[in-house]
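What follows is a short report on a single structure.
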Amino acid sequence: MNKPLRIIGTEHWAHKDDGAKLFLWNKHAGDPSGPAGRILFVHGSSMASQPTFDLHVPGRPDSSVMDFFAARGYDTWCVDMEGYGRSTKDRDNNAPIAMGAEDCFAGASAIQKLRGKHPLMLYGISSGALRAALFAQRHPEMVARLALDAMVWTGEGLSHAGGAEQTPARVPGEGPPPDRSQIRALHFRARSPRHRGRCGDRGFR
């Protein structure tokens, strides 16, 4: 009989140049070198990284996407953006996409310092997809693959999630970068009045 796979979780910290601290959570199964590759998960606006990517529900063993990939040989990581989870929360912060891209860079740099300078695979969900995309555009040498998963609203006057189409997009790291108008659109979407507010563990108010 095969022994149950032992997945190991460890805490780490990244430090931004302006003094903020970002919490990093790592999970792997025995070999921290990640023979299958290394993944950095980027959360969205609603909640921090661990309840998004390392959720545990009795009777549902695949609730943790980190465990799922760690069991298959990946070295998995997630990072709390500033203002979320266990990262710095004592500064005025409406979590703009540009700041999220900086947080991704700080997290990825800390991972590479610990594991070696190998490109990461990135998975961003919801507004985390925007953060991951901007980070990948700024630092393509740090990204091997990019997967974006966000809700796309198709139509006017939709008042509930039932009217949305979820469109995951897998984008190779070597793809063409977005132009300036696309980046500006992402920036202003993140700073629209509907999204403004102070974010805490549960995101925007």
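The values are calculated or read from the model by the stated rules, or taken from the named source; none is laboratory data. Since the model is a prediction, treat every value here as computed from it, not as a measurement. So basically every Cβ, Gly included, is an ideal-geometry build from the backbone, and we count neighbours across all protein chains shown.
Looking at segment 110-130, which of its residues are surrounded by fewer than 16 Cβ atoms within 10 Å (Cβ to Cβ) and either in contact with a Gly (Cβ under 6 Å, 6 or more places away or on another chain) or in contact (Cβ under 8 Å) with a residue 60 or more places away in the chain (or both)?
L114, H118
For segment 78-88, check the following and say yes or no: at least one residue is in a loop (DSSP other than H, G, I, E, B), in contact (Cβ under 8 Å) with a residue 24 or more places away in the chain and at positive phi.
Checked against the condition, which is being in a loop (DSSP other than H, G, I, E, B), in contact (Cβ under 8 Å) with a residue 24 or more places away in the chain and at positive phi, segment 78-88 yields at least one hit.
Pick from H28, H43: which is touching a residue at least 12 places away in the same chain (Cβ under 8 Å), surrounded by 22 or more Cβ atoms within 10 Å (Cβ to Cβ), farther than 24 Å from A150 by Cα and not small (G, A, S)?
H28
Is there a residue in segment 140-153 that is modelled with pLDDT under 95 and among the aromatic types (F, W, Y)?
yes
Could you check segment 1-60 and list, in sequence order, the residues that are aliphatic (A, V, I, L, M), at pLDDT 90 or above and part of a loop (DSSP other than H, G, I, E, B)?
I7, A20, A29, A36, M47, A48, L55 - these are the residues of segment 1-60 that are aliphatic (A, V, I, L, M), at pLDDT 90 or above and part of a loop (DSSP other than H, G, I, E, B).
Against the condition at pLDDT 95 or above, of a type in the set (D, E) and either within 26 Å of R138 (Cβ to Cβ) or buried (at least 23 other Cβ atoms within 10 Å of the Cβ) (or both), how does D80 come out, does it pass?
yes
From the residues in segment 58-67 that are under 19 Å from L24 (Cβ atoms) and not polar (S, T, N, Q), which one is surrounded by the fewest Cβ atoms within 10 Å (Cβ to Cβ)?
V65
Among the residues of segment 90-98, is any surrounded by 22 or more Cβ atoms within 10 Å (Cβ to Cβ) and of a type in the set (D, E, K, R)?
For segment 90-98, residues surrounded by 22 or more Cβ atoms within 10 Å (Cβ to Cβ) and of a type in the set (D, E, K, R): absent.
For the condition under 27 Å from S33 (Cβ atoms), of a type in the set (A, V, I, L, M), buried (at least 24 other Cβ atoms within 10 Å of the Cβ) and in contact (Cβ under 8 Å) with a residue 40 or more places away in the chain, what is the one hit in A70, A133?
Step by step, each of A70, A133 is checked, and only A70 is under 27 Å from S33 (Cβ atoms), of a type in the set (A, V, I, L, M), buried (at least 24 other Cβ atoms within 10 Å of the Cβ) and in contact (Cβ under 8 Å) with a residue 40 or more places away in the chain.
Which of the residues belonging to segment 89-123 are among the hydrophobic types (A, V, I, L, M, F, W, C) and either assigned to a helix (DSSP H, G or I) or modelled with pLDDT under 95 (or both)?
A95, I97, A98, M99, A101, C104, F105, A106, A108, A110, I111, L114
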